[in-house]
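Take a look at the structure set out below.
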Amino acid sequence: MTINLVTPLASGDAADTAARLMAQELSKLLGQAVVVVNRPGAGGSLGTQSVIHAPKDGYTMLYAQNSPLTIRRVTDPDSANYDPLKDLTPLALATRSPSVLVVRKDAPFKTFQEMVEYARKNPGAVRIGNAGPGSVGDVSVQLISAATDSQMISVSYKGAAPAITDLLGGHIDAVILALGAVSAHMRSGSLRGLAISSKFPEFPDIPTLGQLGFKQEIQGVWFGLFMPAGVPKNVVDTVLPALEKVVRNPDIAAKLQPMGIMQEWNPAAKLAEEISSEYSSVKKVLASAEKKKS
């Protein structure tokens, strides 16, 4: 039988490419076909739900980002009405991608501090695009506003591409997206990074908020591997060694790094800790943001 590796993203996304590279290698190690199935929609909730309700036979896996697993459970509990630690079987954390705050090369502010000063003097004037409501970028805008005591506006799009188009066209002032979505524009010089969620080798000069003296970092992007809850333990035990080899594969790592993606194998217990911690953190950030609005 074919193993379906569901990713709740559209085909062609950098993370979709990562899933396909891993699926190819996993097919070799397991000796059976592993096919990537794209099920985008509702910020990743649709694809996640499809795996939750899939047969518990080990032939359906999920490769999902943190947005539907943590953030959307806070921002849109009607569509993300599940608990990934109860309704799914966490297998491992697989990859990370820093989120980066970028502006056009001709932006009036050259540093993060200059952008904050401008936003404080002009409340609501700085408009920051992101990949959609409840995305990592959406939460990060609210986090930055709270951390800097400023009023920056989150502008949500249906994906990264239209947000970048509007930024380059001068319709918004910045975007916060996964590094892979904007790295080509950064290499060309058309976009400049002001802050990043975690350091990345190719862009060592972009500071984190921690380096700039703030207590909270911009939200980063990570992807975990899951099966439906209730999958037999012997099935999980069979798949896990192969998954670890795939995630630790240096050839795959070399192909992913130019896309802003870093492989990071962390077992199920660590993945569960990350989900719980991030869910609590997002709840606090958004609750604080709502208090300031009122």
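Structure notes:
- Residues that are touching a Ser or Thr at 6+ places or on another chain (Cβ under 7 Å) and not hydrophobic (A, V, I, L, M, F, W, C), drawn from the range 157-186: Gly180
- Of the helices (runs of 4 or more DSSP H) lying entirely inside the range 228-294, the ones with 3 or more residues being small (Gly, Ala, Ser) are found at 268-293.
- All positions within the range 207-239 that are open to solvent by 50 Å² or more (accessible area, probe 1.4 Å) and over 23 Å from the mean Cα position of the chain (by Cα): Gly213, Gly230, Pro232, Lys233, Asn234, Asp237, Thr238
- Cβ-Cβ distances below 9 Å connect the following pairs, each with a first residue in the range 235-246 that is among the basic types (Lys, Arg), a second residue that is surrounded by fewer than 17 Cβ atoms within 10 Å (Cβ to Cβ), and a separation of six or more residues or different chains: Lys245/Leu29.
- Those residues of the range 98-152 which are surrounded by fewer than 23 Cβ atoms within 10 Å (Cβ to Cβ), touching a residue at least 40 places away in the same chain (Cβ under 8 Å), under 17 Å from Arg192 (Cβ atoms) and of a type in the set (Ser, Thr, Tyr), in sequence order: Thr111
- Residues in the range 174-192 that are more than 17 Å from Gly12 (Cβ to Cβ) and out of contact with any strand residue (DSSP E or B) (no Cβ under 8 Å at 6 or more places or on another chain): Arg187, Ser188, Gly189.
- Restricting attention to the range 153-182, the residues that are part of a helix (DSSP H, G or I) and either open to solvent by 20 Å² or more (accessible area, probe 1.4 Å) or within 20 Å of Arg96 (Cα to Cα) (or both) add up to 10.
- Summed over the range 10-51, the residues that are surrounded by 23 or more Cβ atoms within 10 Å (Cβ to Cβ) and outside any helix (DSSP H, G or I) give a count of 1.
- Residue check, Pro204 surrounded by fewer than 22 Cβ atoms within 10 Å (Cβ to Cβ) and not in a helix (DSSP H, G or I): yes
- Under the condition of being assigned to a loop (DSSP other than H, G, I, E, B) and buried (at least 24 other Cβ atoms within 10 Å of the Cβ), the residues counted in the range 52-94 number 1.
- Restricting Lys284, Lys291, Lys233 to residues that are out of contact with any His (no Cβ under 6 Å at 6 or more places or on another chain), more than 30 Å from Val51 (Cβ to Cβ) and of a type in the set (D, E, K, R) narrows the list to Lys291.
The values are calculated or read from the model by the stated rules, or taken from the named source; none is laboratory data. Since the model is a prediction, treat every value here as computed from it, not as a measurement. Here the Cβ is made from the backbone with ideal geometry for all residues, glycine too, and neighbour counts use every protein chain on show. Just so you know, the surface numbers come from the protein's heavy atoms only, side chains and all, with ligands and any DNA or RNA stripped out. Shrake-Rupley method; radii C 1.70, N 1.55, O 1.52, S 1.80 Å.
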